[in-house]
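The values are calculated or read from the model by the stated rules, or taken from the named source; none is laboratory data. Bear in mind the structure is a predicted one, so any value in this text is a computation, not a measurement. FYI the Cβ positions are ideal-geometry reconstructions off the backbone, even for glycines, and counts take in every protein chain you see. Quick note on the areas: whole protein, heavy atoms, side chains included, nothing else; ligands and nucleic acids left out. Shrake-Rupley method; radii C 1.70, N 1.55, O 1.52, S 1.80 Å.
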Amino acid sequence: MRLAEIHIHPLKSCRSNLVSSALVEAMGLQHDRRWMLVSDREGFLTGRQYPRMVLITASMDDRGVTFDAPGMDSLRVEIADLRERQGVTVWQSGEFSAQVGSDEADFWFSDFLGANCRLVYTGADSTRRTRRDPEVPVSFADGYPVLLIGTASLDELNGRLVQPVSMRHFRPNLVVETSVPFIEDSWRHIRIGGVVFENLKPCSRCLFTTVDPDTATPAADRQPLETLNNYRRTEDGTMFGVNLVARSLGRLQLGDAVELV
């Protein structure tokens, strides 16, 4: 098995960046889901409520991030300029502290989405932790640092669909070439290149999977979620992909060997 794709989403729910290599940190892939939008009324915002978020591109580096979106001028935000902090939450993780962006950023995102919102950032000093391992820090990801999906799982799903979907519908970090559908569910520990990961739990899916990543249009027939509900539904939700934590650090490269440990 080989590592086939690496995706980084600097802003939670934004368009993914397909990269050839990535540094694995304790919080997950470097730069992944370090930025998020929040509002006083709705809490944290995602593409579930605002599908147009998938049209936002974010290019992050060690100094900050550049955002682009259709019809908008580029927006640059420097991490060094972030002075204020506020409490935020992601699902049931409990409140933790995040750095606040700028008035310019807030106006930019509010204008594009048509909703009052604020940009926030979390770095290496985040106090948020995963539910299953309180020693593991996590960014603004839904619950765990890294999401992995096998190619055979998507192939099997697409064989059941009238209109096939792309891997980008499911927003993974890592895609592994596999020959058996959902074989990743059974993995406990794997090594990708020189980095060891532990599989903590399968990933429960929601309506966000029905949003077309290229057009931001939710599928009227609620696909592919409706099909997944028919054969991947459990007491804990409809599962597709697995949530990982890194048990060692290092750099991943496309083509890295993937092996069970």
Breaking point among (1) more than 17 Å from the chain's Cα centre (by Cα); (2) in contact (Cβ under 8 Å) with a residue 24 or more places away in the chain; (3) surrounded by fewer than 22 Cβ atoms within 10 Å (Cβ to Cβ), for VAL100: (2)
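With the condition kept exactly as written, say whether any residue in the range 148-156 is touching a Gly at 6+ places or on another chain (Cβ under 8 Å), free of Cβ contacts under 8 Å to residues at least 60 places away in the same chain and open to solvent by 20 Å² or more (accessible area, probe 1.4 Å).
Initially, the range 148-156 is screened for residues touching a Gly at 6+ places or on another chain (Cβ under 8 Å), giving 148-149, 153.
With free of Cβ contacts under 8 Å to residues at least 60 places away in the same chain added as a condition, the list becomes none.
For the range 148-156, residues touching a Gly at 6+ places or on another chain (Cβ under 8 Å), free of Cβ contacts under 8 Å to residues at least 60 places away in the same chain and open to solvent by 20 Å² or more (accessible area, probe 1.4 Å): absent.
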Strands (runs of 3 or more DSSP E) completely within the range 163-242 that count 1 or more residues being open to solvent by 10 Å² or more (accessible area, probe 1.4 Å) and of a type in the set (A, V, I, L, M, F, W, C): 195-205
Any hit, the range 129-148, residues being more than 30 Å from VAL180 (Cβ to Cβ) and charged (D, E, K, R): yes
Candidates VAL90, VAL77 - the one that is assigned to a loop (DSSP other than H, G, I, E, B), open to solvent by less than 20 Å² (accessible area, probe 1.4 Å) and either of a type in the set (Gly, Ala, Ser) or under 27 Å from ARG168 (Cα atoms) (or both): VAL90
Condition broken by PRO70, with the remaining ones in (1) open to solvent by 40 Å² or more (accessible area, probe 1.4 Å); (2) assigned to a strand (DSSP E or B) satisfied: (2)
Criterion violated by ASN116 - all others in (1) open to solvent by 60 Å² or more (accessible area, probe 1.4 Å); (2) in a loop (DSSP other than H, G, I, E, B); (3) out of contact with any Leu (no Cβ under 6 Å at 6 or more places or on another chain); (4) more than 21 Å from ARG48 (Cβ to Cβ) satisfied: (4)
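When you look at SER126, is it closer than 22 Å to ASP68 by Cβ, hydroxyl-bearing (Ser, Thr, Tyr) and buried (at least 16 other Cβ atoms within 10 Å of the Cβ), yes or no? Spell out how you get there, then give the answer.
Details: closer than 22 Å to ASP68 by Cβ: no; hydroxyl-bearing (Ser, Thr, Tyr): yes; buried (at least 16 other Cβ atoms within 10 Å of the Cβ): yes.
In short, no.
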Among residues of the range 243-252, those that are touching a Leu at 6+ places or on another chain (Cβ under 9 Å) and open to solvent by 80 Å² or more (accessible area, probe 1.4 Å), counted: 2
Residue pairs meeting the criteria (Cβ under 6 Å; at least 6 apart or on separate chains; first modelled with pLDDT of 95 or more, in the range 190-206; second part of a strand (DSSP E or B) and open to solvent by 40 Å² or more (accessible area, probe 1.4 Å)): ILE190/LEU260; ARG191/GLU259; GLU198/HIS189
Unmet criterion (only one of (1) over 27 Å from MET239 (Cα atoms); (2) assigned to a loop (DSSP other than H, G, I, E, B); (3) touching a strand residue (DSSP E or B) at 6+ places or on another chain (Cβ under 7 Å)) for ASP125: (3)
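What number of residues in the range 1-15 are small (Gly, Ala, Ser) and either at pLDDT below 95 or touching an Asp or Glu at 6+ places or on another chain (Cβ under 9 Å) (or both)?
Here is the first cut: in the range 1-15, the ones small (Gly, Ala, Ser) are 4, 13.
From the residues that got through so far, the ones that are either at pLDDT below 95 or touching an Asp or Glu at 6+ places or on another chain (Cβ under 9 Å) (or both) too are 4.
So the answer is 1.
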